[in-house]
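Report on the structure given below.
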Amino acid sequence: MKNVSLKIDDSIFKETERILSRIKKPRNRYINEAIAYYNNIQKRHLLEKKLKKESDLVKQDSMSVLEEFEKAEYVD
């Protein structure tokens, strides 16, 4: 495990402490779970961007192929 020092807004810290007192979970575990959750969200966003970019590339190629097929149909 790595030690990390961070500054948290007072309001976020107070809210976190209130929640922790109710769920009886150690602060360290709670913050680790929150970061893991946020990392998963960010990975999904990155994947979504990548898939959209690749989809747009395939779309352009598909339209070019479709145009070629249409031209070939009219030639016959």
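Given the options ARG44, ARG22, ARG27, ARG18, name the one that is free of Cβ contacts under 8 Å to residues at least 12 places away in the same chain and in contact with a Leu (Cβ under 9 Å, 6 or more places away or on another chain). I'd like the intermediate steps shown before the answer.
On the way: ARG44 fails: in contact with a Leu (Cβ under 9 Å, 6 or more places away or on another chain); ARG22 fails: in contact with a Leu (Cβ under 9 Å, 6 or more places away or on another chain); ARG18 fails: in contact with a Leu (Cβ under 9 Å, 6 or more places away or on another chain).
The unique qualifying residue is ARG27.
For the range 22-53, which residues satisfy the criterion of being assigned to a helix (DSSP H, G or I) and either under 19 Å from SER5 (Cα atoms) or in contact with a Cys (Cβ under 6 Å, 6 or more places away or on another chain) (or both)? First the steps, then the outcome.
Narrowing the range 22-53 to residues assigned to a helix (DSSP H, G or I): 22-23, 27-53.
Matches in the range 22-53: ARG27, ASN28, ARG29, TYR30, ILE31, ASN32, GLU33, ALA34, ILE35, ALA36, TYR38, ASN39.
Condition check ((1) modelled with pLDDT under 90; (2) of a type in the set (A, V, I, L, M, F, W, C); (3) surrounded by 10 or more Cβ atoms within 10 Å (Cβ to Cβ)) across all residues:
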{"position": "SER11", "(1), (2), (3)": "no, no, no"}
{"position": "GLU15", "(1), (2), (3)": "no, no, yes"}
{"position": "ARG22", "(1), (2), (3)": "no, no, no"}
{"position": "ALA34", "(1), (2), (3)": "no, yes, yes"}
{"position": "LEU51", "(1), (2), (3)": "no, yes, yes"}
{"position": "GLU73", "(1), (2), (3)": "yes, no, no"}
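The values are calculated or read from the model by the stated rules, or taken from the named source; none is laboratory data. Bear in mind the structure is a predicted one, so any value in this text is a computation, not a measurement. Note: ideal-geometry Cβ built from the backbone for every residue, glycine included; neighbour counts use all protein chains shown.
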